[in-house]
Amino acid sequence: MLSPCGPQHAPAGDVGAALMLLDHRSKTIHAGRTEADPETDAMIDQFIESLGPGGADDLLDGTCTLIYMFMTWLRKAHEDHDKDVIEYVVPTFVASMRMMPKSCPPEVIPTMTGMIVAAGIGLSPSLWRKQYGDWTKQEMNALEAATFLLSEHINRMTEDEDFAVRLITEALTRTESEED
């Protein structure tokens, strides 16, 4: 039975912009810069504003598409070893979010966990989340953290700190070449 939260019903959003922000954040953290940088934050805010009226929504949908793609890859990788992605990814994910109280207040962790579980069982994270109303301001940092944590999980599994970003970049490149 098809779900109304199936990925075929979800907008992909601006995956390129979401990937660019994830890549920037990853490189910043890997360079050891974990404190907020007002200049960079202002630049990111300006970039998001430049996306236009629907741009923020497209960025949110793009970020959810990243989560879906990461969880799909993780599910397939775990299935190859007869393991359940939910059992092996969710506990680490929750524990990591709990260690980040500034970015991930306790009240948003169940929502972020629900999104990755939804993605892990083949549902669209954005449509799953939409069932519960509008995004909250508190969820924005947690959504960024969730995307980063999943990408880092993939990078650790592959022992390649750029694997997750490259995975998406290659998928986008294949999609563009198929459309031509």
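The values are calculated or read from the model by the stated rules, or taken from the named source; none is laboratory data. Values in this document were obtained by computation on a predicted structure and should not be read as measured data. FYI the Cβ positions are ideal-geometry reconstructions off the backbone, even for glycines, and counts take in every protein chain you see. To get the accessible areas, we keep the full protein, side chains included, count just its heavy atoms, and leave off ligands, DNA and RNA. Shrake-Rupley method; radii C 1.70, N 1.55, O 1.52, S 1.80 Å.
Structure summary
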quantity	calculated
Residues (outside any helix (DSSP H, G or I) and open to solvent by less than 60 Å² (accessible area, probe 1.4 Å)) located in the stretch 50-67	Leu51, Gly52, Gly54
Tyr132 vs. criteria of a type outside the set (A, V, I, L, M) and over 19 Å from Met71 (Cα atoms)	yes
Residue in the stretch 26-44 that is closer than 14 Å to Ala145 by Cα, assigned to a helix (DSSP H, G or I) and touching a Cys at 6+ places or on another chain (Cβ under 7 Å) present	no
Checklist (1) among the aromatic types (Phe, Trp, Tyr); (2) open to solvent by 20 Å² or more (accessible area, probe 1.4 Å); (3) modelled with pLDDT of 95 or more applied to Phe47, failing item	(3)
Among the residues listed as Asp23, Asp41, Asp37, Asp14, the single one being surrounded by 21 or more Cβ atoms within 10 Å (Cβ to Cβ), of a type in the set (D, E, K, R) and under 24 Å from Glu161 (Cα atoms)	Asp14
Count - residues of the stretch 131-180 that are in contact (Cβ under 8 Å) with a residue 12 or more places away in the chain, closer than 16 Å to Leu59 by Cβ and either touching a His at 6+ places or on another chain (Cβ under 6 Å) or open to solvent by 90 Å² or more (accessible area, probe 1.4 Å) (or both)	0
Any pair with Cβ under 9 angstrom, 6 or more apart, that starts in the stretch 98-120 at a residue that is within 26 Å of Lys76 (Cβ to Cβ) and free of Cβ contacts under 8 Å to residues at least 60 places away in the same chain and ends at one that is buried (at least 17 other Cβ atoms within 10 Å of the Cβ) and polar (S, T, N, Q)	Met115/Ser126
Leading residue by the ranking (nearest to the chain's Cα centre (by Cα)) among those in the stretch 82-135 that are in a loop (DSSP other than H, G, I, E, B) and among the hydroxyl-bearing types (Ser, Thr, Tyr)	Ser124
